[in-house]
Amino acid sequence: MEDQESYTNQENYANQGTSASNSQLKIAETFDYQRPAVQTALFVLWRVHNKKYQAGAQLFYEEINRNLKTAKPAYKEALAFLEGAGVVVNEVVVSDKVPTGLIQRYGIFGNG
């Protein structure tokens, strides 16, 4: 129960648009060691995995930038990564499930 409360607090903090450092969000085990483009992709995958983005959801640079402070080129590279993974097409989420291989490879955290 404490993990769920902690996750909820982190999610609320991220959604407030504050200037939280990337390490305060518990997104993935390997998050802090990744390049900004991969961090951006992991953020989107984390949100899909935890049902914050569903199929049909539109991605917006401004929202992601508010949470991660990512540069536009990193965002574009992240979109290419996500399209290759079959999760996003033309800035629209097309999958409700993150491939298991990506969850394992990057250690994407679930919400409980």
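Every number here is computed from the coordinates shown, using simple stated rules; none is lab data. All values reported here derive from a predicted model rather than from experimental measurement. In this analysis, Cβ positions are derived from the backbone assuming ideal geometry, glycine residues included, and neighbour counts consider all displayed protein chains.
Under the rule of at least 5 residues apart or a separate chain, name every residue whose amide H is placed under 5 Å from the amide H of ILE108.
So ILE108 has HN proximity to GLU29.
So what's the net charge close to LEU79: Lys and Arg +1, Asp and Glu -1, counting the other residues with Cβ under 15 Å from its Cβ?
On the way: positive: ARG35, ARG47, LYS72, LYS76; negative: GLU62, GLU63, GLU77, GLU83, GLU91.
Neighbourhood net charge equals -1.
In nm, to one decimal, how far is the modelled label at ASN111 from the one at ASN65, with both set 7 Å along Cα→Cβ?
Computed distance between label sites ASN111 and ASN65 equals 2.7 nm.
More than 14 angstrom separation, counting every C-alpha pair in region 60-112; what % is that? List each step's numbers first, then the result.
Numbers: 832 of 1378 pairs.
Every Cα pair in region 60-112 considered, those over 14 Å come to 60 percent.
Between LYS72 and ASP32, what is the spin-label point distance in nm, taking each point 7 Å from the Cα along the Cα→C-beta axis?
3.2 nm
Can you pull the one-decimal nm distance between simple spin-label points at ALA55 and VAL92, each 7 Å off the Cα toward Cβ?
With each label point 7 Å from Cα toward Cβ, the separation is 1.2 nm.
What does the charge add up to near TYR33, with Lys and Arg as +1, Asp and Glu as -1, over the other residues with Cβ less than 15 Å from its Cβ? Please report the intermediate quantities before stating the final value.
Details: positive: LYS26, ARG35, ARG105; negative: GLU29, ASP32.
Every neighbour counted, the sum reads +1.
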